[in-house]
Amino acid sequence: QVQLQESGPGLVKPSQTLSLTCTVSGGSITTNGYYWSWIRQPPGKGLEWMGRIGYEGISVYSPSLKSRISISRDTSKNQFSLQLTAMTPEDTAVYYCATFKGGSWGQGTQVTVSS
């Protein structure tokens, strides 16, 4: 029932900041007990959980990305967003937004870091 869709640039220059937005429909990001995550998958590698923002607005991040990541939300638009600073080619991946409680994922968006 819950649908998610990622949007943002497909190409980012090294050292620049990635900004992605996840638009949620069919449910509110403020619904009690729901957590809204960003996950990525580099080519040929497994899924990496990056972080989440909860229904109460509290963000939690993977320790490996904590210094570079920020997840925020806009409740008026039913959206949550990812910012990842200091991008390198190793950040090239398909980026997904998801909610595990509802088992819903976006289709993913390819982000390539290249000069």
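The values are calculated or read from the model by the stated rules, or taken from the named source; none is laboratory data. The shown structure was predicted, so the numbers you read here are calculated from the model rather than taken from an experiment. In this analysis, Cβ positions are derived from the backbone assuming ideal geometry, glycine residues included, and neighbour counts consider all displayed protein chains. These area figures cover heavy atoms from the full protein model, side chains too; ligands, DNA and RNA do not enter into them. Shrake-Rupley method; radii C 1.70, N 1.55, O 1.52, S 1.80 Å.
Over the chain, with every protein chain in place, what whole percent of the accessible area is carbon and sulfur at 1.4 Å, could you tell me? Write out the running numbers ahead of the final one.
Details: 2800 of 5920 Å².
Roughly 47 percent, rounded to a whole number.
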Inset, instruction - Take the chain, drop everything but the C-alpha atoms, weight them equally and run the Debye formula without solvent; then report log10 I(q)/I(0) at 0.21 Å⁻¹ to two decimals. - result: -1.14
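Taking the solvent-accessible surface of protein heavy atoms with a 1.4 Å probe, what is the per residue accessible area of the chain in Å²?
Details: 5920 Å² over 115 residues.
Averaged over the residues of the chain, the accessible area is 52 Å².
Which three semi-axes in whole Å describe the equivalent ellipsoid of the range 1-40, each the square root of 5 times a Cα gyration tensor eigenvalue, listed largest first?
Values: eigenvalues 134, 24, 11 Å².
The answer is 26, 11, 7 Å, longest axis first.
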Inset, instruction - Please compute the net charge surrounding E48, taking Lys and Arg as +1 and Asp and Glu as -1 over other residues with Cβ under 15 Å from its Cβ. - result: +3
Inset, instruction - Return the distance in nm (one decimal) between the two label points of a simple spin-label model at T75 and V60, each offset 7 Å from Cα along Cα→Cβ. - result: 2.0
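For the range 22-80, what relative contact order do you get, as a whole percent, if you take Cα pairs closer than 8 Å and at least 6 residues apart? Walk me through the numbers before you get to the answer.
Values: 85 pairs, mean separation 20.7, N = 59.
That works out to 35 percent.
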